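The values are calculated or read from the model by the stated rules, or taken from the named source; none is laboratory data. The structure presented is a predicted model; accordingly, all values stated were derived computationally and were not measured. Ideal geometry is used to build each Cβ from the backbone, glycine not excepted, and the neighbour counts take in all protein chains shown. Side chains included, ligands, DNA and RNA excluded: accessible areas come from the protein's heavy atoms. Shrake-Rupley method; radii C 1.70, N 1.55, O 1.52, S 1.80 Å.
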Amino acid sequence: MSVTTGVVKRVLPNGLTVLAQRNAAAPVIAVVTHVRAGYFDEPDEWVGIAHVLEHMYFKGTGRRGPGVIARETQLLGGYINAGTIYDKTVYHTVLPSRDGGIAKALDVQADALMHAALDADELRRELEVIVQEAKRKLDAPGDVTTETLFQLLFSVHRMRRWRIGTEKGLRRLIPEDVRRYYATRYTPERVIVAVVGDLAVEQVMQLAEEVYGNWARPSFPVEGSPGEPEERIPKIRVLRGDVKRPLVSLGWRTRGTLHPDTPALDVAGSILGSGRGSRLYRALRVPGIAATVRADHYTPTEVGVFEISLEAEADRVEEAVSRALALVNDLAERGPTPAELERARALTVTSWAQRMESMEGRATALCEGEALGSYEILDDLLERTLAVKSEDVQRVVREHLPADVASGVFYLAKSDGADPFATGWPPVLERAATSPPPVPTLPALGVVGPPSARAETLPGGITLYRLQHVDVLVRPKRASGLATLLLHFPGAPTGETEATAGISWLVARLALRGAAGMSGEELAQTAESLGGPIGAGVTSETLGWSMTVRADALHGAARLLSALAREPHLADADLVIERQLQASDARRARDDMFRHPLQRVLAQAFPGHVYGLPVFGEPETVMTFGSDGVRGWWQQAVGRRPVVVVVGDVEADGSLDAIAPLAAWMPVGASAPEVSAAPGWMPGRASEERDKKQSALAMAFRATPYASADRFPLKVMGGLLSGLAGRLFEELREKRSLAYTVAALPWLGQHAGAVLCYIATEPDREDEARESMLHELERLAGVPPSEDEVERARNYVAGVTEISRVTGRAMAAEMLDAWIYGVADQMAETPARLRAVSVNDVHRVAAQVFVSDARAEYVVRGTGKRDGSNPA
C-alpha cells in the first residue's frame, strides 16, 4: 500500500499547510511541525541562529513559562523534541492517543511556534548551553571529520559552514538577531504540520484550523545561499587531535534531492557501502584493512554530498583510501551486477518500511515530501529508486564520482606519524581487483518441520512455546510487512572475567565470517537479499543475532540464524583478522565521551564482574584470545537454552512453521557452568585526562536488580530527574547553563542494578557540576517530590513505554529483556504499574539509592586546549 494513502491536505487561508493521516496500527499519535528554515537560511553573520531558535522554542511563550511546554507534554504521556539541519527545523510531539491528548498537543505546538517569548535573560543562559553543545561536537571525531569535508567541498555555498556555529560566533548573537530571524523565517507559508496516528482526520483538521487559523505574520523574502561554482577541485586536509583511531571522510559534491541522477546515486551508495554485502565492506572490512566503512548519499534539498567514511589503523589508512577510490572507479567502469541491484532494492524496501512503521517517521516523511512540492512525491521517489538500472548507476558514478576530483579529510592522532598522501592528492590508483558478489543461497535445511508444541498465551498478545530445547516468543504486529527475528543465548557472557572480557563479542562477530559451508560474503549477500543484514548483539546478559526482513522471508532468516549458531566456521585466519579489528574497536570506544565514562564508572562499581567489563574487552586482552579458547566459549554459549523472539506481520499459529530451523533446535555445545550471581559494590573515584573541550562526569549509585518491583519507581524517578522537564535538566542546564547533556538513567541487570548520572561540562566547572548534581540527588532523597512532579514523570515513562512498542524491533528487544529477567508475563502491565507509582515510592527508592558516600565516580577530564573558534 502507498505510504500516502488516506492523507488529507488542507492549506489554511494564512498559508500554513496541514496534513493528516489515520494509522491505527498502534495507539499513538505524532505531531510534526516542519519549518522550512535551517542553516541554509542564515546569513554568514548569523551562523547557528536557526539552532538557537530551536532551543528557544522550549523556553516559553506569553501563556507558558520556561519548562512548561515540556512538562505539559510529559503530563500527556508524550515527549517533545526538535532538530535543526540545513534545509529545515523540525519539532515533534509523540504521545499515546488516549484521553484526547491530541487537542492539548496541538495547542502546545501552536503556541510555541507562533508566540515564542524569546526572553533576553533566557537567551543569555541558553547560549551558554549551546556553547557546551558546540564543544561536545568538537569532542566527537566523526562530526568534526564530516563537517570538515563539507568545508572542503563547498567554497561559496552555506553548506561549507560549521553548522551549529562556533563559540565566538554564538556569543556575538544578541536578542534582536534572534527576534529578527524568528519574524522573517517563522511565517505561516513556510510551515507544514503533519499529524499521523490513531486519530479522526476531520477532528484533527478542525483543531488545526482553530489553533493555527488566526496566525497572521507577513511573509518575508529570504535570500538563499549563493550557488556553488561548477568547478570541482580535489582537496585534502589533515587534522590532528586526541583520537584513538584515525578517521577518514572522502567526498564529492553531487546534486539535490529532486535531480534525476539522485536515485541512482542513492543506489550507488547502497552498493558501495551499505551492509556486509557491499563492495567496500567486502574489500576493506573483511580482509581487515579498515575497521569500519560505509558510503552515503546525502541531499539536503538543493545540494548533495556523496561521502565514503572509514576508520583504519594509521599504517593502513593510505591502503584503505586507495582501495576505496579504486572500487568507485571500478563501479564506474563496469557497473553493478544484477545481484547487487537486487540486494540494494531489498535493503531500500525494508529501510523504507522501517521508517514508515513509526508515526513520527511517517509524519516527518510527509512533511519532507510536501516541502519538496507535494507529499505525494514520496511514492514517486521510492518508485524511481527501485527502477534504477545498472547502466544508470554506472553513468552517475562516472559523471559525479571521478576519483581525480575526490576530496579527503584525515583525522589522526598527534603521534600517528607523517601525514597521509604527502606526495600528492588524489593518489594514483591501480585497477581494483573485484569479484562479483556470490549468488544468494540459503544453507541446507536439516529438519523438515517444527516439533509439536502447546501454545501458552501471555498478556499483551504474546504467544509462548516451550519446546524441548528452545523457548519461542511470538508477537503479531500487523501492516508493517516486516518481521524481526532474534536468536539469543541468555547467560552466555556472564562467565567473562577481566582475562576474557570481550570474548562473547568476538564469538558473535566471528560467526558472521562463515557458517554451514557458506562464506561471510555468502551469508551477507543472502541475508541482505531478504531485506536486512544480520546483526550481532551482546550485552552483559546475553549473546545472539538478529534480522529484520520482509515478512515472507522469515523462514530464510531462521535458516541463516540457525546456521550461524550451530555451525560457525571460526576459522583461524578469520580469527586473526577479527581479533585485530575488535582490539581496534576497543581503543576507538574510548573516544565516546558519553558511553566511555559510563562504562568506566560501572567498572569502578562492579570490579571484575561482567557488569563492569567493557563489551569489546581491553585491546591488549583481546589480542591474547586463541582459537581453542574461542571455540570453547562458543560451545559453552550455544550449550545454553536459547530463546527465539518473533515480532511482525506473522500469525502466531503458523509462526513455528516459518521458523522451523530454530523451533527444532537441538543443543550443539557443552552445557555452561553456573556463574555466581550478585556482584559486590565498590564505591570510589577515578579519572583519566584527555585533550577534549569538555569533562565528562559519571556517577553510579547502587540499585536493585531488574526483577525487583522497585524497577517501576526507579524508572519514574529517572523520568522525574531526566528529560526536558526533569529536575537535573532544569537546575543544571536551564538555570546554571552547566551542560548540554545531563541525565539520570536506571541501569538494571539480572543480578544487580545502578542509577547512572552523567553530565559533560567545562573542565573548570567540574567541581560545580559535581556539587550541583549531588545537591539535586540528595534533595530528592531528603524531601518527597510533589504529587504534580510524580504524576508528570509516571505518565511520561509509561507513555514512552507504549510509544516504543510501535516498532517491531523495539518490541522484540523489550520481549527479550523481559524473558531474560523473568518478567515476560508482566510486560503488558508495565504502563499500568508505572502509572501506579506513588510519591512515597519515589521518595523511598531515592533515599535508598542516593547515598553520596557510597557512590562510584569516573571522570574523563578534558584539558579544554583547542580553540573553540576553529572547529578542527
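Filtering region 139-151 down to residues that are open to solvent by less than 10 Å² (accessible area, probe 1.4 Å) and among the aliphatic types (A, V, I, L, M), which residue is nearest to Tyr298 (Cα to Cα)?
Result: Leu149.
Within region 663-681, count every residue that is modelled with pLDDT under 95 and under 32 Å from the mean Cα position of the chain (by Cα). First the steps, then the outcome.
Step one: filter region 663-681 for residues modelled with pLDDT under 95, giving 663-680.
Filter once more, so that each one left must be under 32 Å from the mean Cα position of the chain (by Cα): 663, 677-679.
Number satisfying all stated conditions: 4.
How many residues are closer than 15 Å to Gln635 by Cα and among the aliphatic types (A, V, I, L, M) when one looks only at region 560-576?
5
Within region 203-216, can one find any residue that is in a loop (DSSP other than H, G, I, E, B), surrounded by 14 or more Cβ atoms within 10 Å (Cβ to Cβ), modelled with pLDDT of 95 or more and over 33 Å from the mean Cα position of the chain (by Cα)? Steps first, answer last, please.
Going residue by residue through region 203-216, those that are in a loop (DSSP other than H, G, I, E, B) are 213-216.
Narrowing the set further to residues that are surrounded by 14 or more Cβ atoms within 10 Å (Cβ to Cβ) leaves 213, 215.
Next, from what is left, pick out any that are modelled with pLDDT of 95 or more: 213, 215.
Among the residues that remain, those that are also over 33 Å from the mean Cα position of the chain (by Cα) are: 213, 215.
Within region 203-216, one or more residues are in a loop (DSSP other than H, G, I, E, B), surrounded by 14 or more Cβ atoms within 10 Å (Cβ to Cβ), modelled with pLDDT of 95 or more and over 33 Å from the mean Cα position of the chain (by Cα).
Starting from region 514-527, take each residue that is closer than 11 Å to Ala563 by Cβ and free of Cβ contacts under 8 Å to residues at least 60 places away in the same chain and list its partners that are surrounded by fewer than 21 Cβ atoms within 10 Å (Cβ to Cβ) and of a type in the set (Val, Ile, Thr), counting only C-beta distances under 9 angstrom and pairs at least six apart or across chains.
Cβ pairs passing all conditions: none.
Out of Ala563, Ala573, Ala551, which single residue is among the hydrophobic types (A, V, I, L, M, F, W, C), surrounded by fewer than 22 Cβ atoms within 10 Å (Cβ to Cβ) and closer than 30 Å to Trp352 by Cα?
Values: Ala563 fails: surrounded by fewer than 22 Cβ atoms within 10 Å (Cβ to Cβ); Ala573 fails: closer than 30 Å to Trp352 by Cα.
Exactly one residue qualifies, and that residue is Ala551.
Please determine whether any residue of region 498-517 is of a type in the set (Val, Ile, Thr) and open to solvent by 30 Å² or more (accessible area, probe 1.4 Å).
yes
Among the candidates Val630, Val576, Val538, single out the residue that is of a type in the set (Val, Ile, Thr) and closer than 21 Å to Leu745 by Cα.
Every option except Val538 fails the conditions.
Filter region 127-137 down to residues that are open to solvent by less than 10 Å² (accessible area, probe 1.4 Å) and under 28 Å from Leu310 (Cβ atoms), then give me how many there are.
Step one: of region 127-137, the residues open to solvent by less than 10 Å² (accessible area, probe 1.4 Å) are 129-132, 134.
Those still in the list that are under 28 Å from Leu310 (Cβ atoms) too: 134.
Total meeting the criteria: 1.
Can you tell me which residue in region 125-141 is nearest to Phe58 (Cα to Cα), limited to those that are acidic (Asp, Glu) and out of contact with any Phe, Trp or Tyr (no Cβ under 8 Å at 6 or more places or on another chain)? If you could, list the steps in order and put the result at the bottom.
First, the residues of region 125-141 that are acidic (Asp, Glu): 126, 128, 133, 139.
After this cut, where a residue has to be out of contact with any Phe, Trp or Tyr (no Cβ under 8 Å at 6 or more places or on another chain) as well, the list is 126, 128, 139.
Details: Glu126: 10, Glu128: 15, Asp139: 26 Å.
Selected residue: Glu126.
Name the single residue that is surrounded by the most Cβ atoms within 10 Å (Cβ to Cβ) among those in region 57-76 being assigned to a helix (DSSP H, G or I) and under 26 Å from the mean Cα position of the chain (by Cα). First the steps, then the outcome.
Here is the first cut: in region 57-76, the residues assigned to a helix (DSSP H, G or I) are 68-75.
From the residues that got through so far, the ones that are under 26 Å from the mean Cα position of the chain (by Cα) too are 69-71, 73-75.
Details: Ile69: 25, Ala70: 23, Arg71: 20, Thr73: 30, Gln74: 27, Leu75: 20.
Among those residues, the one meeting the criterion is Thr73.
Restricting to region 90-115, name every residue that is hydroxyl-bearing (Ser, Thr, Tyr) and within 16 Å of Val191 (Cα to Cα).
Within region 90-115, Tyr91, Thr93 meet the criteria.
Note down all Cβ pairs under 9 Å where the first residue falls in region 121-150 and is part of a loop (DSSP other than H, G, I, E, B), the second is open to solvent by 10 Å² or more (accessible area, probe 1.4 Å) and of a type in the set (A, V, I, L, M, F, W, C), and they're at least six residues apart or on different chains.
Listed pairs, sorted by first residue: Asp139/Met593; Ala140/Met593.
One line per residue, one yes/no per condition, for (1) over 32 Å from the mean Cα position of the chain (by Cα); (2) open to solvent by 40 Å² or more (accessible area, probe 1.4 Å):
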position	(1), (2)
Thr166	no, no
Leu170	no, no
Ile174	yes, yes
Asp177	yes, no
Leu199	no, no
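Could you run through region 22-56 and say how many residues are under 27 Å from Glu357 (Cβ atoms) and within 26 Å of the chain's Cα centre (by Cα)? Steps first, answer last, please.
Narrowing region 22-56 to residues under 27 Å from Glu357 (Cβ atoms): 22-36, 38, 54.
Still in the running and within 26 Å of the chain's Cα centre (by Cα): 23-36, 38, 54.
So the count comes out to 16.
Any idea which of Thr89, Thr93 is open to solvent by less than 20 Å² (accessible area, probe 1.4 Å), at negative phi and touching an Asp or Glu at 6+ places or on another chain (Cβ under 8 Å)?
Details: Thr93 fails: touching an Asp or Glu at 6+ places or on another chain (Cβ under 8 Å).
It is Thr89.
Ser225 versus (1) open to solvent by 30 Å² or more (accessible area, probe 1.4 Å); (2) polar (S, T, N, Q); (3) touching a residue at least 24 places away in the same chain (Cβ under 8 Å): which is the lone unmet condition?
For Ser225, the failing item is (1).
Inspect all residues belonging to region 621-628 and state whether any of them is surrounded by fewer than 24 Cβ atoms within 10 Å (Cβ to Cβ) and in contact with a Ser or Thr (Cβ under 9 Å, 6 or more places away or on another chain).
Our first condition is that a residue be surrounded by fewer than 24 Cβ atoms within 10 Å (Cβ to Cβ); within region 621-628, this holds for 621, 623-628.
Then drop every residue that is not in contact with a Ser or Thr (Cβ under 9 Å, 6 or more places away or on another chain), which leaves 621, 625.
Scanning region 621-628, I find at least one residue that is surrounded by fewer than 24 Cβ atoms within 10 Å (Cβ to Cβ) and in contact with a Ser or Thr (Cβ under 9 Å, 6 or more places away or on another chain), so the answer is yes.
Residues that are closer than 17 Å to Thr542 by Cα and of a type outside the set (Phe, Trp, Tyr), at least 2 per element: which helices (runs of 4 or more DSSP H) completely within region 564-649 meet that?
On the way: elements: 572-588, 595-605, 619-622, 627-638.
Correct list: 627-638.
Output the residue which, of all residues in region 477-497 that are open to solvent by 20 Å² or more (accessible area, probe 1.4 Å) and part of a loop (DSSP other than H, G, I, E, B), is nearest to Ala663 (Cα to Cα).
First pass over region 477-497, keeping only residues open to solvent by 20 Å² or more (accessible area, probe 1.4 Å): 477-481, 490, 494-495, 497.
If we keep only those that are part of a loop (DSSP other than H, G, I, E, B) as well, we get 477-481, 497.
On the way: Lys477: 20, Arg478: 22, Ala479: 25, Ser480: 24, Gly481: 22, Thr497: 32 Å.
In this case the residue turns out to be Lys477.
Can you find, within region 812-851, the residue that is least open to solvent (accessible area, probe 1.4 Å) among those that are closer than 28 Å to Pro683 by Cα and under 26 Å from the mean Cα position of the chain (by Cα)?
The qualifying residue least open to solvent (accessible area, probe 1.4 Å) is Ile820.
Given the options Leu113, Leu106, name the one that is under 27 Å from Arg158 (Cβ atoms), open to solvent by less than 10 Å² (accessible area, probe 1.4 Å) and not β-branched (Val, Ile, Thr). Explain how you work it out, then say what you get.
On the way: Leu106 fails: under 27 Å from Arg158 (Cβ atoms).
Residue meeting the stated conditions: Leu113.
When the residues of region 1-40 are filtered to those that are part of a strand (DSSP E or B) and of a type in the set (S, T, N, Q), which remaining residue is farthest from Tyr91 (Cα to Cα)?
Filtering region 1-40 for residues part of a strand (DSSP E or B) gives 8-11, 17-22, 28-35.
Remaining after also requiring of a type in the set (S, T, N, Q): 17, 21, 33.
Working: Thr17: 15, Gln21: 18, Thr33: 5 Å.
Top of the filtered list is Gln21.
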